[in-house]
1. Amide H to amide H under 5 Å from Arg76: which residues, 5+ apart in sequence or cross-chain, H placed 1.01 Å off N in plane?
2. Considering only protein heavy atoms, what per residue accessible area in square angstrom results for segment 63-128 with a 1.4 angstrom probe?
3. With a ≥ b ≥ c the root eigenvalues of the C-alpha gyration tensor of segment 18-142, is it rounded (a/c under 1.5), prolate (a/b larger than b/c) or oblate?
Amino acid sequence: MSVLHGASPMTEPLAEPALRQERCVLLVEDEPLVRLDLAETLRDAGYRVVECTTAQEAADVLATGQPVDALVTDVRTPGPIDGVALARKARARDPALPIVVISGHLDPRQAADADLFLRKPVASAAVCAGLERIVRRAGSQG
């Protein structure tokens, strides 16, 4: 698992949007403005985004069998499960699913099911760049 602290500059160019436009990102963030900004950044990069305000809502989306190509989740959300439990469920469902966990409070070692842990505050562009790295890595392995 990679760990990045705070906003980091994008050091790699993102893949062409056409290569990503069929990929669906399940985004979990309970803070409306943060979610809106991150969803817009991901859409601008060519991803389809399913927005959820809680980890439980996202778990329900996963349970429907809707195709999801990546998960980006905050840890602290209202409801019976948090982002760490969601990442665990998502990993059990699809061991190759790219997972980004974001938190301002969690010890990165607690996010063992994540491919990338980002510490808040973090710029949306840094989240998108990190997601792109792990999606590209997953694509080269599969």
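1. Gly83
2. Numbers: 2840 Å² over 66 residues.
Averaged over the residues of segment 63-128, the accessible area is 43 Å².
3. Details: a/c = 1.25, a/b = 1.14, b/c = 1.10.
Rounded, because the longest to shortest axis ratio a/c is under 1.5.
The values are calculated or read from the model by the stated rules, or taken from the named source; none is laboratory data. What you see is a predicted model; the values in this text were computed from it and never measured. Ligands, DNA and RNA are stripped out before the accessible areas are found, and what is left, the full protein with its side chains, is counted by its heavy atoms. Shrake-Rupley method; radii C 1.70, N 1.55, O 1.52, S 1.80 Å.
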